[in-house]
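Here is the structure we will look at, set down as structure tokens.
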Amino acid sequence: MIGDAAPGAAAAHAAGMRCVAVPYVPAQADAPPFATAGLLVRGGQAGFTAREALAWIAVR
């Protein structure tokens with residue numbers, strides 16, 4: 001699951017899903033629910049690259 005909101009990251013974690021979190025508001029990257037994401041792109045959408053996400057998925 002790739003999501004941009006903390007509640008989505010928490011829901012993915014609760015469902016046992018792997019999660020790539022790309023915060024819509026990068027300043028909120030430290031919100032506790034984002035800590036449950038397998039990959040957290042702290043720079044938000046500006047810092048997201050498909051290459052990084054695919055590399056993370058490939059090793060899991």
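Each reported figure results from applying straightforward, stated rules to the coordinates on display, with no laboratory input. Here the structure is a predicted model, which means the values were calculated and not measured. Note: ideal-geometry Cβ built from the backbone for every residue, glycine included; neighbour counts use all protein chains shown.
The table that follows gives values for the structure above.
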{"read-out": "Rounded to whole Hz, the Karplus (6.51, -1.76, 1.60) HN-Hα couplings of segment 10-16, x for glycine and proline", "value": "5, 5, 4, 4, 4, 8, x"}
{"read-out": "Residue-count net charge about PHE34 - beta-carbon cut-off 13 Å; Lys, Arg +1, Asp, Glu -1", "value": "-1"}
{"read-out": "Measure of compaction for the chain (Cα Rg per 2.2 N^0.38 Å)", "value": "0.99"}
{"read-out": "Length gained when the stretch ALA15-THR36 is fully extended (0.36 nm per residue, less Cα-Cα span)", "value": "6.4 nm"}
